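Notes follow once the structure below has been shown.
The values are calculated or read from the model by the stated rules, or taken from the named source; none is laboratory data. Being a predicted model, the structure only gives us computed values, none of them experimental. Positions of Cβ are backbone-derived with ideal geometry, glycine not excepted, and every protein chain shown enters the neighbour counts. These area figures cover heavy atoms from the full protein model, side chains too; ligands, DNA and RNA do not enter into them. Shrake-Rupley method; radii C 1.70, N 1.55, O 1.52, S 1.80 Å.
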Amino acid sequence: MSLTESARKLRRPSGYVPALVVTIAILLPLALTSSWQNILILTVIMAGVATSWNLFGGYTGYFSLGHVVFFGLGAYTTTLLYTTYGIPPVATIVVGMLLSVLASLLIGKATLSLDGHYFALATLGSVIIAQELFAYFEEYTGGPAGIQLAFEPGVTTLMFRNRVFNYYIAVGYLLGVLAITLYIDNRKFGYYLKAIREDEDATKMLGADTDQLKIRAFALSAALSSIGGSLWITYTLFIDPSLAFDLFRSLYFVLYPLIGGLGTIMGPVVGTVLIDPIRAIFSQVFGGSVAPITNMIYGLILMVVVLVFPEGIVKRLRNTYRQWIDRLPTLGADEGANRPSEEQQ
Amino acid sequence: MTNGKTVLSVDGLTKRFGGLVAVDDISFELYENELMGLIGPNGAGKTTLFDLITGFHPPTAGTVQLNGEQLVGRQPHEICRLGLTRTFQIPRPLADLTVRENVAVGAFNQTDDRTEAEAIAGEILDLVSFDFEYESQAEDLPIAGKKKLEVAKALATGPEVLLLDEVLAGLNTAEVEEFLDVIEELRADVTVIMIEHNLDAIMALADRVLVMEQGGKLALDDPEAVQQDPAVIEAYIGSE
């Protein structure tokens, strides 16, 4: 794409509205206190993993309830290589990805031939196994007591005195996963994945090697989820098996894409951003003593959203967004004259 | 008709489900550009025969060869890539995708490029005179649209042999007429086996008709001969 072409795209509402959103996302933390920044960082990392989950689960319709295994593997790989061998976390991300790919191949080979519900149950089992394994091999993993990471600020450790940098790295991660999703959505691979979701046998008969496609998508999704785990631990700095392989977190990876819109590009982000920070915001505003009420309200909101938007927020509001965006003007005077001829193309 | 080159060769194909013999020792040759009708009462094993040929079920015995390549033991997608695919009796649209995307998924069997796949999809939809919006959701189509989409998807894979499973069922007279024209167009390029309950249609279209009963082959001949075969009249037409 040439520079003038990009400039022209940016002048249209479909270009400058997303650009505006990204700009706001970049400037937002500068105006916030550090406890609000904290909420923002954790939300964006969550959105990145939810988007990674969607690339497999949302596109193929295989509900992996075990994606926290890859998140936890990334987090533990970074922790152990950093604390035991002093390897800078930024270099450990790739190792975590490779280990997650290996784990995904093992889990995938064993479970991907199962039908929907059974696949979900089997992946759930993988979370429990991971938790127990990391608790049991105490001498290597620190066991249930957990590990506190040494805080050494720097670009290679991905640790910063100013949280804004953690936030920007998280945003970069999220944008990267979104870019990969967009790339795949427009290609043969993406078409096949969506076709598998709709009817796997019919897709086979159209020449698609569905077993191989599923395992590839699973591995890619696992590798991307692992990055989220590595970023999470360089920010939170404390890990134990029940935190790294938290079953609830694994459910959120499924829930947020479901709420936002399965198999859509922006769905997982929309779902995460709307739902995930609710509890943190409540306790920020009302204090920790209202936690039980907060949890109930959170649960209630979940139920209401699923009832109101059974097909996901993005699919429901997509047309409204497009109509709204169509009413916005194109920026720049010369553009108005060009527009009709462009639309004919 | 003059017998062309043999494209598909089925030999002794048998499928037992427990004690039931669903397909019983079926053998036939399919010739290039032929249209073979496949008829028989419900439960005769017609669809199971398709399942065996396309790799959905492993046969208990027998072989299937496409241009000399053994199909038994291969996966459906491998068989499709070799040039044989099918439609399903109950249409199986990729519901959440558009019509064009549905057909493009088939066309990806011929190309890795999306623009090209969507272009092929457009051509195929034109070819089958698809009369609904190409950008509409597949699940919103009426039954006639879903039936045609089923054929378009399969055609988009670029098959040499196409197995059609009751594509006319559930269509009204006008829709059947139109569909028959489409099939007439297709036969210049593909070799077809067509399961059909509409006997008038099949007798008018087919070069030869294979009659199945209780899993076995009752007759295989040209339409006139089949219609006069006493065994066929007795077992199939007479019993309906």
Have a look at B:Thr63, B:Thr87 and point out the one that is polar (S, T, N, Q) and within 20 Å of A:Ala208 (Cβ to Cβ).
-> B:Thr87
Just checking, which of A:Leu317, A:Leu302, A:Leu307, A:Leu328 is in a loop (DSSP other than H, G, I, E, B), of a type in the set (A, V, I, L, M, F, W, C) and modelled with pLDDT of 85 or more?
-> A:Leu328
For segment A:54-94, which residues satisfy the criterion of being of a type in the set (A, V, I, L, M, F, W, C) and under 30 Å from A:Tyr192 (Cβ atoms)?
-> A:Leu55, A:Phe56, A:Phe63, A:Leu65, A:Val68, A:Val69, A:Phe70, A:Phe71, A:Leu73, A:Ile93, A:Val94
Consider B:Leu94 carefully, then state whether it is surrounded by fewer than 23 Cβ atoms within 10 Å (Cβ to Cβ) and either in a loop (DSSP other than H, G, I, E, B) or touching an Asp or Glu at 6+ places or on another chain (Cβ under 7 Å) (or both).
-> no
All but one of (1) within 11 Å of chain A (Cβ to nearest Cβ); (2) in a loop (DSSP other than H, G, I, E, B); (3) closer than 27 Å to B:Asn33 by Cβ hold for B:Pro59; which doesn't?
-> (1)
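Yes/no per residue for (1) open to solvent by less than 20 Å² (accessible area, probe 1.4 Å); (2) closer than 30 Å to A:Thr141 by Cα; (3) under 20 Å from the mean Cα position of the chain (by Cα):
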site: A:Ala208; (1), (2), (3): yes, no, no
site: A:Ala222; (1), (2), (3): yes, yes, yes
site: A:Trp232; (1), (2), (3): yes, yes, yes
site: A:Asp240; (1), (2), (3): no, yes, no
site: A:Leu255; (1), (2), (3): no, yes, yes
site: A:Asp276; (1), (2), (3): no, yes, yes
site: A:Pro292; (1), (2), (3): no, no, no
site: A:Gly299; (1), (2), (3): no, no, no
Counting only residues that are more than 13 Å from A:Ser230 (Cα to Cα) and aromatic (Phe, Trp, Tyr), give me the helices (runs of 4 or more DSSP H) lying completely in segment A:66-140 with at least 3 of them.
-> A:116-136
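Here is a yes/no grid of residues against (1) touching an Asp or Glu at 6+ places or on another chain (Cβ under 7 Å); (2) open to solvent by 70 Å² or more (accessible area, probe 1.4 Å):
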{"residue": "B:Arg16", "(1), (2)": "no, yes"}
{"residue": "B:Asp25", "(1), (2)": "no, yes"}
{"residue": "B:Tyr31", "(1), (2)": "no, no"}
{"residue": "B:Leu38", "(1), (2)": "no, no"}
{"residue": "B:Ala44", "(1), (2)": "yes, no"}
{"residue": "B:Thr48", "(1), (2)": "no, no"}
{"residue": "B:Glu69", "(1), (2)": "no, yes"}
Starting from residues that are surrounded by fewer than 16 Cβ atoms within 10 Å (Cβ to Cβ) and touching a residue at least 24 places away in the same chain (Cβ under 8 Å), keep the ones in segment B:102-136 and report whichever is nearest to the other protein chains (Cβ to nearest Cβ).
-> B:Gln110
For segment B:76-99, how many residues meet the condition of being farther than 14 Å from A:Tyr192 by Cα and more than 7 Å from chain A (Cβ to nearest Cβ)?
-> 10
What are the residues in segment A:141-151 that are in a loop (DSSP other than H, G, I, E, B) and modelled with pLDDT under 95, if any?
-> A:Gly142
Restricting to segment B:148-195, what's the tally of residues that are aliphatic (A, V, I, L, M), more than 14 Å from chain A (Cβ to nearest Cβ) and over 12 Å from B:Leu127 (Cα atoms)?
-> 13
So A:Ile233 clears everything in (1) more than 30 Å from B:Arg86 (Cβ to Cβ); (2) within 14 Å of another protein chain (Cβ to nearest Cβ); (3) among the β-branched types (Val, Ile, Thr) except one condition, right? Which one?
-> (2)
Considering segment B:74-90 alone, what residues qualify as being assigned to a loop (DSSP other than H, G, I, E, B) and crowded, with 24+ Cβ neighbours inside 10 Å?
-> B:Thr87
Among the residues of segment A:152-171, is any more than 25 Å from A:Val270 (Cα to Cα) and either crowded, with 24+ Cβ neighbours inside 10 Å or among the small types (Gly, Ala, Ser) (or both)?
-> yes
